[in-house]
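Participant: Got a structure for you, questions after.
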Amino acid sequence: MAKYLMALDQGTTSSRCILFDFNGNIVVSAQKELPNIFPAEGWVEHNPAEIWFTQHLVATQAMDAIGATAEDIAAIGITNQRETTIIWDRKTGKPIYNAVVWQCRRTADYCNSLMAKGLAPMIRSKTGLLIDSYFSATKIKWILDNVAGARERAEAGELMFGTVDCWLIYNLTGGKVHATDCTNAARTMLFNINTMQWDDELLELFDIPKSLMPEVLPSSHVYGYTEESLFGGKIAIAGVAGDQQAALFGQCCFNKGDVKNTYGTGGFMLMNTGDKPIYSENGLVTTVAWSIDGKVSYALEGSAFVCGAAVQWLRDGLGIIENASASYAAAMSVKDTGGVYFVPAFVGLGAPYWDPYARGMMIGLTRGTTKNHIVRAVLEAMAFQTTDIIKVMEKEAGVKLNELSVDGGASANDLLLQTQADLLAIPINRPACIETTALGAANLAGLAVGVFKSTDEIAASRRQGARFAPAIADDLREEKLRNWKKAVERSMGWADNK
Ligand code: ADP
């Protein structure tokens, strides 16, 4: 009898595998770093063979560590860095170019030209996305236009495109299945989230032959089976979702209005908006949350460019803390920030301010300011930014949050989460398992193969870690939010030297 669900978590900096038992407990995990290649300023690539090799390696390592066999594994769930683009030969399975990573800015100028042509409203209404080089469409076009012979081969039907999930499914099934899930498809800028189909007009706009595109399948669905030689037996591949959507599922945000925030290097917030896409006026993106049993759920997504990265800056840039977790004791050693506000606009400001010319700023310094006040102000800034984005989501979706589920590396910081509860005036929930991305992929797979009968059954297995209740007076909260806004305004327009 199978006892485990296997999550393959393919990220930008590492490939990981976690085996969960059917109660959502981590039984074993294995991880291998994935090299990033920087061929030019602003360009980022991976070697696709390394993506596959490292992912297969960690899966076998995890199984070997506990002596698990293919029969012990009920199903595999895949979650992955989104948007990263790979094109390979249909016959040989060999990539024709490196994977072009989501962060890669090589198509930024082309994206600007699309915006200048006034295409943003059309693209947004079909895909829910802003025109940006993050998304796969312009990366595919770049490969077809720049790799010798690629366009001719694409037109002759000899090539296949896939995001990282699709590349892994293709390799896991020994080249038998060329499919992706709808959450990953929704990040290509080629997928119409209303019709849930590849969009012919967009394929034409980007000059991409349809024969390149994978079949789009639900997030909880049996995609195929692993080639026997890989794990000594066949295992069903039964759950697939992009990393942020998998985290939303892993947090059991199954109902309209449920929100999760990931405090990682950047901050990623998703709200389940139910069976209808909501189009943002404030620069949030609209995306598919998942599709299960023919029912599509949508999400609004907002991100903060700099979140835990500001804590890394305290460590590496300023050298005032030894490591990220030391930020907690430093900040707790003072009773408040002493009036200091920090705006982490290192690369400008995103939603809801959208100012590329804003720059990082500290204000309110006095002779009494110490490094610990600064550390505390940096932690508070993460909570202020999250509050700003949540307020936009609430307004646009017309829902009032009654709690927020959190994960990501910095969610280990209790002071950050207490501040978040204080600013939002709602409780913050940190689950016992903060590996929510992997757990979400595993649960999607478990649902498809009958380990779980329903999302209710999954929700019942969720174990609460810690809960933070709001603990400050309304007038203090308002004063803090007012001062934060004032600080943000002063950081804006700084780098605009015109
Ligand atoms: P990612 O997956 O985006 O690489 P993680 O979810 O692993 O990131 O989170 C890492 C980030 O969290 C780092 O930027 C780090 O500075 C921050 N971080 C980790 N632990 C803490 C902590 N205890 N307090 C505050 N920040 C932390």
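The values are calculated or read from the model by the stated rules, or taken from the named source; none is laboratory data. Because the structure is a prediction, the values reported are computed rather than measured. Note: ideal-geometry Cβ built from the backbone for every residue, glycine included; neighbour counts use all protein chains shown. We work out accessible area using only protein heavy atoms, side chains counted, and drop any ligands, DNA or RNA first. Shrake-Rupley method; radii C 1.70, N 1.55, O 1.52, S 1.80 Å.
Participant: So which residues in the stretch 1-43 are open to solvent by 10 Å² or more (accessible area, probe 1.4 Å), within 16 Å of the ligand (Cβ to nearest atom) and not polar (S, T, N, Q)?
Facilitator: Asp9, Gly11, Arg16, Ile26, Lys32, Glu33, Pro35
Participant: Among the candidates Trp52, Trp142, Trp88, which residue alone is among the aromatic types (Phe, Trp, Tyr) and either under 30 Å from Asp21 (Cβ atoms) or open to solvent by 60 Å² or more (accessible area, probe 1.4 Å) (or both)? Can you show your working first?
Facilitator: Details: Trp142 fails: either under 30 Å from Asp21 (Cβ atoms) or open to solvent by 60 Å² or more (accessible area, probe 1.4 Å) (or both); Trp88 fails: either under 30 Å from Asp21 (Cβ atoms) or open to solvent by 60 Å² or more (accessible area, probe 1.4 Å) (or both).
One residue alone meets the criteria, Trp52.
Participant: Right, here's the next one. Applying the selection to the stretch 430-451, what residues are without any contact (Cβ under 8 Å) to a residue 60 or more places away in the chain and in contact with a helix residue (DSSP H, G or I) (Cβ under 9 Å, 6 or more places away or on another chain)?
Facilitator: Narrowing the stretch 430-451 to residues without any contact (Cβ under 8 Å) to a residue 60 or more places away in the chain: 430, 432, 434, 450.
If the condition is that a residue be without any contact (Cβ under 8 Å) to a residue 60 or more places away in the chain and in contact with a helix residue (DSSP H, G or I) (Cβ under 9 Å, 6 or more places away or on another chain), then Arg430, Ile434 are the ones that fit.
Participant: Let me ask something else about it. Of the residues that sit in the stretch 246-282 and are within 15 Å of the ligand (Cβ to nearest atom) and polar (S, T, N, Q), which one is most open to solvent (accessible area, probe 1.4 Å)?
Facilitator: Ranking the candidates gives Thr265 first.
Participant: Please go through the stretch 330-347 and pick out each residue that is open to solvent by 40 Å² or more (accessible area, probe 1.4 Å), of a type outside the set (Val, Ile, Thr) and farther than 14 Å from Thr370 by Cα.
Facilitator: Passing the criteria: only Phe346.
Participant: Could you list, in sequence order, the residues of the stretch 87-131 that are more than 19 Å from the chain's Cα centre (by Cα), among the β-branched types (Val, Ile, Thr) and not in a helix (DSSP H, G or I)?
Facilitator: Keep residues of the stretch 87-131 that are more than 19 Å from the chain's Cα centre (by Cα), which gives 87-98, 106-126.
Still in the running and among the β-branched types (Val, Ile, Thr): 87, 92, 96, 107, 123.
If the condition is that a residue be more than 19 Å from the chain's Cα centre (by Cα), among the β-branched types (Val, Ile, Thr) and not in a helix (DSSP H, G or I), then Ile87, Thr92, Ile96, Thr107 are the ones that fit.
Participant: A further question on this structure: Just name the residue that is nearest to Ile131 (Cα to Cα) out of those in the stretch 171-216 that are surrounded by 15 or more Cβ atoms within 10 Å (Cβ to Cβ) and among the small types (Gly, Ala, Ser).
Facilitator: Ala186
Participant: Are any residues in the stretch 409-433 touching a Gly at 6+ places or on another chain (Cβ under 6 Å), open to solvent by 30 Å² or more (accessible area, probe 1.4 Å) and within 15 Å of the ligand (Cβ to nearest atom), and if so, which ones?
Facilitator: Result: Gly409, Arg430.
Participant: Could you say whether any residue in the stretch 97-116 is more than 30 Å from Gly350 (Cα to Cα) and surrounded by 15 or more Cβ atoms within 10 Å (Cβ to Cβ)?
Facilitator: Narrowing the stretch 97-116 to residues more than 30 Å from Gly350 (Cα to Cα): 97.
Narrowing the set further to residues that are surrounded by 15 or more Cβ atoms within 10 Å (Cβ to Cβ) leaves 97.
Yes: the stretch 97-116 contains one or more residues that are more than 30 Å from Gly350 (Cα to Cα) and surrounded by 15 or more Cβ atoms within 10 Å (Cβ to Cβ).
Participant: Within the stretch 11-28, track down each residue that is touching an Asp or Glu at 6+ places or on another chain (Cβ under 8 Å) and of a type outside the set (Val, Ile, Thr). Full working, then the answer.
Facilitator: Going through the stretch 11-28, the residues touching an Asp or Glu at 6+ places or on another chain (Cβ under 8 Å) turn out to be 11, 13-18, 26-27.
Selection gives Gly11, Ser14, Ser15, Arg16, Cys17.
Participant: It is to be established whether one or more residues within the stretch 293-309 are within 30 Å of Glu71 (Cα to Cα) and modelled with pLDDT under 95. Please lay out each step first, then the result.
Facilitator: Narrowing the stretch 293-309 to residues within 30 Å of Glu71 (Cα to Cα): 293-294.
With the extra rule that they be modelled with pLDDT under 95, the set shrinks to 293-294.
Checked against the condition, which is being within 30 Å of Glu71 (Cα to Cα) and modelled with pLDDT under 95, the stretch 293-309 yields at least one hit.
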